[in-house]
1. What about Lys22, is it more than 22 Å from Pro131 (Cβ to Cβ), basic (Lys, Arg) and buried (at least 16 other Cβ atoms within 10 Å of the Cβ)?
2. Go over the candidates Tyr70, Tyr25 one by one and state the one that is modelled with pLDDT of 95 or more, farther than 24 Å from Leu122 by Cα and hydroxyl-bearing (Ser, Thr, Tyr).
3. State which residue pairs qualify: first residue at pLDDT 95 or above and inside the stretch 108-135, second residue among the hydroxyl-bearing types (Ser, Thr, Tyr) and part of a helix (DSSP H, G or I) in any location, beta carbons under 7 Å apart, and separation of 6 or more residues or different chains.
4. Can you name the residue in the stretch 103-113 that is within 17 Å of Leu90 (Cα to Cα) and either surrounded by 15 or more Cβ atoms within 10 Å (Cβ to Cβ) or of a type in the set (Gly, Ala, Ser) (or both) and, of all such residues, is nearest to the chain's Cα centre (by Cα)?
5. Within the stretch 2-22, which residues are at pLDDT below 85 and either in contact with a Pro (Cβ under 7 Å, 6 or more places away or on another chain) or part of a helix (DSSP H, G or I) (or both)?
6. Can you tell me which of (1) under 25 Å from Asn57 (Cβ atoms); (2) modelled with pLDDT of 95 or more; (3) surrounded by fewer than 20 Cβ atoms within 10 Å (Cβ to Cβ); (4) not small (Gly, Ala, Ser) is the one Ile81 doesn't meet?
7. Restricting attention to the stretch 29-71, and to residues there that are basic (Lys, Arg) and assigned to a helix (DSSP H, G or I), which single residue is surrounded by the fewest Cβ atoms within 10 Å (Cβ to Cβ)?
8. Among the residues of the stretch 45-72, how many are touching a residue at least 12 places away in the same chain (Cβ under 8 Å) and over 22 Å from Gln32 (Cα atoms)?
Amino acid sequence: MGFKSTKIFWGASMTKEEYVEKIIYLNSQICQKPDDYTKEKVRKNNKAARKLTIIENALQNDIEIAMEVYKELLDNEDKFIKSNAAALCLQLKIHVDKSIEIFEYLEKYGESWEKIGAERQLKIWRGEIEPDDPG
């Protein structure tokens, strides 16, 4: 499934299912591990990241649909999708317990790059660092 225009983001409200489907698709285009950083994949990553930002902003302005969308994404089998949803949930202060549980699991059992990301998200949540701090 591709995106022909950004009209879909500015038109009528999307359903929970449409948001979930688009977020999962766009996350599949994001560089997830060190081997992903090739010229072609980075180009796709950047396009997908811009579209994800638009969706995230829309959800931030509709907390009711955000709660439904992120609840489903937190249960996704893909750890990358799950951790991205958990980070956004912590920012929005929704599904906090589940999000912390996901990051604590990744911090303990994840791959090295997952552990680093999970540890960072937990530090941000605890107020130990700011989101724009390097570490």
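1. Yes.
2. Exactly one residue qualifies, and that residue is Tyr25.
3. Ala118/Ser83
4. Phe103
5. Lys7, Ile8, Phe9, Trp10
6. Status for Ile81: all satisfied but (3).
7. Lys39
8. Number satisfying all stated conditions: 9.
The values are calculated or read from the model by the stated rules, or taken from the named source; none is laboratory data. Predicted model only: the values in this text are computed from it and were never measured. When we count neighbours, we look across all protein chains shown, and the Cβ atoms used for this are built from the backbone with ideal geometry, even at glycine.
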